[in-house]
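K.L.:
One structure coming up, written as structure tokens, with questions to follow.
Read-outs: derived from the displayed coordinates by stated rules, not from any lab. None of these values were measured; they are calculated from a predicted model. Virtual Cβ from ideal backbone geometry, glycine too; neighbours counted across all protein chains shown.
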Amino acid sequence: MRIDNTLSAVVTGGASGLGRATAEALAAAGAKVAIFDVNEEQGEAVAKAIGGMFCKVDITSEESVVAGFAKARAVHGQERVCVHCAMTHRKGKTVSRNRETGEFTRLSTEDYEYAAQGILVASYRVASLSALGMASLDPLEDGERGTIILTASVAAQDAQIGQVAYGSLKAGVNGLVLPMARDLMDLGIRVNAIMPGIFGTPLLGRLPDKVLDSLNASVPFPKRLGKPEEFASLAMELVRNSYFNGQAIRLDGAIRMAPR
């Protein structure tokens with residue numbers, strides 16, 4: 001798929017981190033970009049900087065996501081590209097022991113359900129609503145109408161202690177890819193996922209230097225955190241290269257996460 005000023009794109013989580021880098025890359029290539037995020041101030045600033053638009057969207061709300069797509073499409077037209085980077089979750093061990101009381105507790109079902117809504121359900125919601133809109137588009141070369149990129153994680157394959165919700169639900173995101181790609185094949189809509197390793201997002205930027213040095217050393221090569229623009233680069237290739245379909249791709253410097 002060619003990226004130019006006729007192409008409309010939606011990027012969730014586009015106010016910062018991986019989503020922001022992807023929104024910037026798409027806009028730099030000429031695409032009309034709509035950013036979906038809950039951070040209104042930062043999202044508006046990024047949208048202004050890239051000549052795009054901002055939609056305040058809570059990915060855990062059907063009504064909010066539907067409204068966001070309606071707003072974006074009213075200005076930019078139906079998107080052919082949807083990159084879903086936003087998520088929300090809670091972490092904790094399946095069962096852990098309180099050091100002070102000695103009592104055992106578990107990650108509550110409610111906390112797991114919250115993570116499921118913010119990772120897996122939201123991924124299906126955003127992708128399926130985008131695909132529903134893409135289905136009405138005129139086909140491009142090869143009959144292609146659109147492409148959807150989800151964000152999983154290396155934790156989908158080697159989650160660490162305390163990541164029972166995050167790891168299993170990111171694995172669920174990978175599990176969406178092939179059946180959804182097959183569901184949408186007759187409509188000419190491709191579906192892929194990226195599994196980033198340890199990336200230098202604003203969240204990790206708040207860690208102490210000692211911890212960051214340890215994280216850098218844990219990556220086989222290159223011995224550093226991934227750069228958001230490297231995630232964006234892969235996302236751009238997944239848009240451009242129409243033979244990528246039904247894939248979940250690790251982007252991690254060959255890291256394999258230890259148990260802790």
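K.L.:
Along the charge dipole of the stretch 211-260, pointing to its positive end and built from +1/-1 on Cβ of Lys, Arg, Asp and Glu, which listed residue (Gln247, Ala217, Ser233) has its Cα farthest out?
P.N.:
Projecting each Cα onto the dipole axis, the largest value belongs to Ala217.
K.L.:
Right, something else. Over all alpha-carbon pairs of the stretch 135-260, lay out the pair-distance distribution in 10 Å bins, whole %, shortest bin first.
P.N.:
Once binned at 10 Å, the Cα pair distances of the stretch 135-260 give 13, 37, 31, 14, 5, 0.
K.L.:
As a test of understanding, state the convex hull volume per residue of the chain from its alpha carbons, in Å³. It would help to have the intermediate numbers written out before the result.
P.N.:
Details: hull volume 34.2 nm³, N = 260.
Roughly 131 Å³ of hull volume per residue.
K.L.:
Hey, quick one: spin label on Thr88, modelled 7 Å out along Cα-Cβ, who in the stretch 38-81 has an amide N within reach, i.e. under 14 Å?
P.N.:
38-40, 56-65
K.L.:
Looking at Thr105, Val173, Ser64, which one has the Cα that reaches farthest to the positive end of the dipole of the stretch 60-197 (charges on Cβ: Lys, Arg +1; Asp, Glu -1)?
P.N.:
The listed residue farthest towards the positive side: Thr105.
K.L.:
First measure r as the distance between the Cβ atoms of Ala28 and Leu132, then evaluate 1/(1 + (r/R0)^6) with R0 = 35 Å and state the FRET efficiency to the nearest 0.05.
P.N.:
Details: r = 28 Å, r/R0 = 0.81.
About 0.80, to the nearest 0.05.
K.L.:
Using a cut-off of 15 Å between beta-carbons, work out the net charge of the residues near Ala21 (Lys and Arg +1, Asp and Glu -1, Ala21 not included).
P.N.:
Numbers: positive: Arg20, Lys227; negative: Glu24, Asp37, Glu229, Glu230, Glu237.
Around Ala21, the surrounding residues sum to -3.
K.L.:
Could I ask something else about it? Given charges of +1 on the Cβ of Lys and Arg and -1 on the Cβ of Asp and Glu, with all other atoms neutral, how large is the dipole of the chain about its Cα centre, in debye to the nearest 20? Walk me through the numbers on the way to the answer.
P.N.:
Numbers: 28 positive and 28 negative charges, 139 e Å.
Once rounded to the nearest 20, the dipole reads 660 debye.
K.L.:
If you take the beta carbon distance between Ala45 and Leu207 as r and set R0 to 22 Å, what does 1/(1 + (r/R0)^6) give as a FRET efficiency, to the nearest 0.05? It would help to have the intermediate numbers written out before the result.
P.N.:
Details: r = 24 Å, r/R0 = 1.10.
Taking R0 as 22 Å, the efficiency between Ala45 and Leu207 is 0.35.
K.L.:
Further, regarding this structure: Can you tell me what share of the DSSP beta bridges in the stretch 8-251 is antiparallel? A percent to the nearest 5 is fine.
P.N.:
Working: 3 of 32 bridges.
Antiparallel bridges make up about 10 percent of those DSSP assigns within the stretch 8-251.
K.L.:
Follow-up question, since we're still on this one. Among the lysines, which fall within straight-line cross-link reach of Lys32, defined as a Cα-Cα distance under 19 Å, with same-chain neighbours fewer than 8 residues apart omitted?
P.N.:
Cα-Cα hits under 19 Å: Lys48, Lys56, Lys71.
K.L.:
Hey, can you list the DSSP H helices of the chain whose Cα span along the axis is 20 Å or longer and whose average Kyte-Doolittle score is at least 0.5? It would help to have the intermediate numbers written out before the result.
P.N.:
Values: long enough: 62-76 (21 Å, 0.19); 164-183 (28 Å, 0.55).
Span-like helices here: 164-183.
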